[in-house]
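Presented below is the structure to which this report refers.
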Amino acid sequence: MDLLTGLNFAIERDEALHQHLKSLAGRRVAVRFLVPGPWEGQTLEWAFAADGLLESMARARSAEGLAKVPDVTLGLTSAFFGSAITQVVSGKPTAASSFQGVRIEGDAAVAEQLGPLLAIFKERLDPVRLLIASSPAASMAKQAVDYAIHDAGWVVTREEFALHTKEVRGLRDAIDRLEKRILGARQPNVSS
């Protein structure tokens, strides 16, 4: 299965994304790899069909007999693929992480609409993410982190830190009130 077929398969499986991408019918996108390695300098060019799926720009060119410039070119740097490691560790990709390490040339509004597709692209293409996610070492590292946080208590969780902060604030408030009482008791009563 080639990349284009894989992306179209993923688009079809995500109904919301599929509907979203139908609004890009006729738009052209190029993806340029700005990373060292076998993909360096390669550019993939696609056009969105009326059904919201991607088609090869070469096929679109031959149908029209013209060579059109893409509406947007997305340059993928090593930071794009490196951010996948952060996603694996956190377990939560964010919308902003889809564009991390992407250089946008052309229509930024079209590029913004491609965020969900970029997330799928990153997931399908990034060998680092696949290697880390499927590695037994990743499973062992996760178990070690869970042990350090939950079982051994070596690392403080956010909830524990928030509770501790709240208790310290309460203690400081109590000390301030006690200090005011003591200072109030030391001063002689001059009301007579």
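Of note:
- For region 144-161, 3J(HN,Hα) per residue [Karplus equation, 6.51 cos²θ - 1.76 cosθ + 1.60, θ = phi - 60°, Hz, x = Gly/Pro]: 5, 5, 4, 5, 4, 7, 8, 8, 7, x, 6, 10, 7, 7, 4, 5, 5, 5
- Förster radius 25 Å - calculated FRET efficiency between residue 39 and residue 112, Cβ distance, rounded to 0.05: 0.55
- Here the peptides 156-167, 40-51 are ranked by packing, the mean other Cβ count within 10 Å, and the order with the highest first is 40-51, 156-167.
- Förster radius 25 Å - calculated FRET efficiency between residue 157 and residue 178, Cβ distance, rounded to 0.05: 0.20
- Within the straight-line cut-off of under 18 Å between alpha carbons, the aspartates and glutamates reachable from residue 142 are 151, sequence neighbours fewer than 8 places apart in one chain being disregarded.
- Amide H contacts under 5 Å for residue 27, placed H, 5+ residues apart: 48
Computed from the coordinates by the stated procedures, all read-outs in this text should not be read as laboratory data. Predicted, not measured: the structure shown is a model, and the values here were computed from it. Cβ: placed from backbone, ideal geometry, glycine included. Neighbour counts: every protein chain shown.
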